[in-house]
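Notes follow once the structure below has been shown.
The values are calculated or read from the model by the stated rules, or taken from the named source; none is laboratory data. Nothing here was measured: the structure is a model prediction, and the numbers come from that model. Note that each Cβ is placed from the backbone with ideal geometry, even for glycine, and that neighbours are counted across all protein chains shown. Surface accessibility is based on the protein's heavy atoms, side chains included, excluding ligands, DNA and RNA. Shrake-Rupley method; radii C 1.70, N 1.55, O 1.52, S 1.80 Å.
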Amino acid sequence: MHMFVDESERGGYLMAAVLIAPHALHTSRSMMRGLLLPGCRRVHFKTEKPARRRLIADKLACCDFVTHIYVGRGKSERVRSKLLPLLVEDAIGAGVTRLVLDSRDPVANGRDRLVIGTRTKAHDAGLVYEHIQSSSEPALWISDAIAWCHGAGGDWKRRIAPVTGTVVDLGEL
């Protein structure tokens, strides 16, 4: 199993972790590449027009994957450092062998690696984790879209409900 993670900040800090089975990776990536507009390197939900957002969200809602949502409120890096170990433990429990996080910057990526390496059992479980630029991994576009929709709430959250699994909300940190 593979897990692709992206975050969104809107009224709190939210991480969306999409679980995709190895046999579904090619199909998922192809679907997302098919949604690229001419001249674009990636699908980035924040910059899409509402009609495209609806189209993409509705396509994602019909897919065969599950997304777990992790939420907290407070300073972003503090919240992320609390959510990441929970996410990793859930990944291990779900049999994830590869965890892909949307790359931020070298310092932030280093903080993530430190948290994962020292506060989780990722190494013992054989979990491979890496940061990848979203422009080179279409599966990260899925977690970006779901994070945005969940964070937006209302109809957007309803649209992606079929692929939303557990929601872990740590509240104010």
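Put +1 on the Cβ of each Lys and Arg and -1 on the Cβ of each Asp and Glu in the chain; which of L101, G12, V168 then has its Cα farthest toward the positive end of the dipole? Toward the positive end, the furthest listed residue is G12. One entry in (1) 48, 37, 36; (2) 56, 34, 23; (3) 42, 35, 29 is Cα extents along the principal axes in Å calculated from the shown coordinates; its label is (3). Only Lys, Arg, Asp and Glu carry charge here, each on its Cβ (+1 for the first two, -1 for the last two); on that basis the chain has a dipole of about 460 debye about its Cα centre. Under the membrane-span-like helix rule (DSSP H runs whose alpha carbons stretch at least 15 Å along the helix axis, mean Kyte-Doolittle hydropathy 0.0 or higher), the chain yields 76-93, 138-152.
Qualifying trypsin sites (Lys or Arg not before Pro) in the stretch 6-36, where qualification requires a DSSP coil assignment and no more than 16 other C-beta atoms within 10 Å, comprise R10. Result for the chain in a Gaussian network model with C-alpha springs under 10 Å: among L84, L36, L19, the largest mean-square fluctuation is at L36.
Rg/Rh for the stretch 1-51 (Cα atoms only, Rh after Kirkwood) is 1.02. Element breakdown for the chain at a 1.4 angstrom probe: carbon and sulfur atoms account for 54% of the accessible area.
Solvent-accessible surface of the stretch 60-167, averaged per residue with a 1.4 angstrom probe and all protein chains in place: 44 square angstrom.
Cα centroid separation, the stretch 125-173 to the stretch 27-81: 7 Å. For the chain, the residue among I142, H68, W156 whose Cα projects farthest onto the positive side of the dipole built from Cβ charges is W156. Sorted from greatest to least, the principal axis extents spanned by the alpha carbons of the stretch 1-100 come out as 38, 33, 22 Å. Within the stretch 112-152, the ratio Rg/Rh, alpha carbon atoms throughout and Rh by Kirkwood, equals 1.09.
Let me have the 222 nm mean residue ellipticity of the chain computed from DSSP H runs of 4+ only, each contributing -39500 (n - 2.57), with the sum over all residues rounded to the nearest 500. Don't jump to the answer; show the numbers that get you there.
Values: 7 runs with 79 residues, N = 173.
Per the formula, -14000 deg cm²/dmol.
What FRET efficiency do you get for R113 and A61 if R0 is 35 Å and r is their Cβ-Cβ distance, rounded to the nearest 0.05? Once rounded, the FRET efficiency stands at 0.60.
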